[in-house]
Amino acid sequence: MTTAYSETPTERVPGRAWTVRLTGHSDRTATVSCSTPACRMPPRSKDLAALRAFAARHAAAHAKAATVRPHAWCHCGFQRCAAHPETTTHCAGAVLLILRHDPTVGRVWSVEEVCETCAPLLAHATVLARAAQPRRRTDRPAAVVPAARPGVPGGFSSPAAGPAEADSRTTPARRSSRRAPQRTRGRRPGQSR
């Protein structure tokens, strides 16, 4: 018997990353490559400005098409936080989609799913999106939810049944929750503890 992998909203999955790279060649031409093999790239060219603009648009397209998954592991943590080795931290918080690009070098654009803790530690990172908080699922159907009872001022309500049943029986008197003041015994002169 074989078991097929099925992704459920509660299972943690590895954080995704897309890398778009501009690579120069010795003949003063350049190429653009993407970490996703199915992406179509322009041909090798000497027009570096056009290739750089294409790479930026391509990375933005990956970011726009991606939906941030709230149950993803931090991609940075998956790589053992190698992008910020001088700061040790534990991955935590909501999942974010970031774009990493150093404008001074201008050769690599990375779109990654990372955690809230790692995102501020990554150099040249811009937060693009935050994962939506998952809705809490209730196991009870809506028809089973009891009808609202009139509340008692102060936000309290009777733990007993509804108003019709509460009128039909006598309710016991409540004890005061205040403690009676305790009398302190005075010490007699010459008495020590």
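The values are calculated or read from the model by the stated rules, or taken from the named source; none is laboratory data. As the structure is a computational prediction, the values presented were derived from the model and not from experiment. Cβ sites come from the backbone with ideal geometry, for glycine too, and all protein chains shown count toward neighbours. Accessible surface is based on the protein model in full, side chains and every heavy atom, while ligands, DNA and RNA are left aside. Shrake-Rupley method; radii C 1.70, N 1.55, O 1.52, S 1.80 Å.
Counted residue by residue at 0.36 nm each, then reduced by the alpha carbon distance between them, the extension gain from GLU86 to ALA123 reaches 12.1 nm.
Assuming 0.36 nm per residue, please report the length gained on full extension of the stretch THR104 to GLU11 beyond their Cα-Cα distance.
Numbers: separation 93, 0.36 × 93 = 33.48 nm, distance 3.89 nm.
Stretched out fully, the THR104 to GLU11 stretch lengthens by 29.6 nm.
When HIS124, HIS75, HIS25, HIS84 are compared by accessible area of protein heavy atoms, the largest-first order is HIS124, HIS25, HIS75, HIS84, using a 1.4 Å probe.
Which order do SER110, SER35 take by accessible area at a 1.4 Å probe, largest first?
Values: SER110 15, SER35 65 Å².
Largest accessible area first, the residues go SER35, SER110.
Restricting the calculation to Cα atoms, region 29-133 shows an Rg/Rh of 1.01 when the hydrodynamic-style radius is the Kirkwood one. Placing R0 at 30 angstrom, the Cβ-Cβ distance between GLU116 and THR31 gives a FRET efficiency of 0.30 after rounding to 0.05. Report the accessible area of CYS91, computed with a 1.4 Å probe over the heavy atoms of all protein chains in place, in Å² rounded to the nearest 10. Taking all protein chains as shown, CYS91 has close to 60 Å². Counting only Cα atoms, region 53-107 measures 36, 28, 14 Å along its principal axes, largest extent leading.
Of the solvent-accessible surface of region 34-80, computed with a 1.4 Å probe over protein heavy atoms with every protein chain present, carbon and sulfur atoms account for 59 percent.
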